[in-house]
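Presented below is the structure to which this report refers.
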Amino acid sequence: MSIHIYIEAGVAVSSKSNKSKEILQAYDWFFSEEGKEVLSWGKGDEVYVTDNGVKKLRPEYLDVSDVRKKTGLATNTAYAWFDYDAHLVPATEEQRQAYELARQHDSAFRVGPQYVESELNRVSLLQTAINKHREEQITRFILGDRDLSEWDQYVQEAINLGLDELMDITREAYKRVN
């Protein structure tokens with residue numbers, strides 16, 4: 001089974017760190033085959049054991065959540081490149097089937113818009129204003145503090161905040177992806 005998950009996130013190393021080289025070497029290792037194996041299954045037979053060619057969770061671990069808490073596997077940066085089969089080992093057959101069914105409905109990875117440096121400041125300002133407005137107004141609609149008959153007005157307010165400009169910039173940025 002091969003599962004591909006994409007997460008848009010990042011890791012930063014302080015420019016003041018005197019261990020930058022070592023930190024970056026460790027992060028490179030996370031994306032090596034060895035790193036994937038160790039960060040998914042643990043070292044040797046410390047977490048999983050192989051019995052007749054089948055990997056099994058050691059009895060001292062209740063489930064994957066317990067593995068995460070006790071070992072740090074599949075947490076934060078250690079989750080960068082991961083073999084999800086490790087999570088399926090303690091699953092019931094019904095859970096495995098549900099997992100397989102869910103995978104059939106995963107959406108394809110889509111690269112985000114590729115803004116150029118000259119656009120970044122404007123995009124940030126527009127997104128901040130539009131997102132704040134959206135969150136505030138949607139809450140008001142949900143709570144009944146704003147009537148749904150005002151929806152068109154709400155849309156116009158977003159346009160007045162620069163929604164059309166943001167859409168134009170973003171449309172151009174997506175064209176750069178293709």
_Accessible area of the chain divided out per residue, in Å², using a probe of 1.4 angstrom_ = 73
_Dipole in debye (nearest 20) - the stretch 31-83, about Cα centre, beta carbon charges: Lys, Arg +1; Asp, Glu -1_ = 180
*What FRET efficiency, computed as 1/(1 + (r/R0)^6) with R0 = 41 Å and r the Cβ-Cβ distance, is obtained for Asn52 and Ile138, rounded to the nearest 0.05?*
0.15
*HN-Hα J couplings of the stretch 57-67 from phi, Karplus 6.51/-1.76/1.60, θ = phi - 60°, integer Hz, Gly and Pro as x?*
6, 4, x, 6, 10, 6, 6, 4, 4, 5, 4
*trypsin sites (Lys or Arg not before Pro), restricted to the stretch 18-57: which are DSSP loop and have at most 16 other Cβ atoms within 10 Å?*
Lys19, Lys43
*Against the longest principal axis of the chain, how steep is helix 93-103, in degrees 0 to 90 to the nearest 10, with axes from Cα atoms?*
40
_Would any residue of the stretch 114-130 have its amide N under 13 Å from a label point 7 Å out along Cα→Cβ of Glu172? List them or say none._
114-123
*Do any chymotrypsin sites (Phe, Trp or Tyr not before Pro) in the stretch 84-178 lie in a DSSP loop with no more than 14 other beta carbon atoms within 10 Å, and if so, which?*
Phe109
*So which lysines pass the test for Lys21, namely a Cα distance under 23 Å, with those fewer than 8 places away in the same chain ruled out?*
Lys36
*Nearest 0.05, what FRET efficiency do Phe109 and Asp147 give at R0 = 45 Å with Cβ-Cβ as r?*
0.70
*Could you tell me what percent of the accessible area of the stretch 1-113 is made up of carbon and sulfur, with a 1.4 Å probe and every protein chain present?*
51
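The values are calculated or read from the model by the stated rules, or taken from the named source; none is laboratory data. Predicted model only: the values in this text are computed from it and were never measured. As a convention, Cβ positions derive from the backbone with ideal geometry for all residues, glycine included, and neighbour counts pool all protein chains shown. All accessible areas refer to the heavy atoms of the entire protein, side chains included, with ligands and DNA or RNA removed. Shrake-Rupley method; radii C 1.70, N 1.55, O 1.52, S 1.80 Å.
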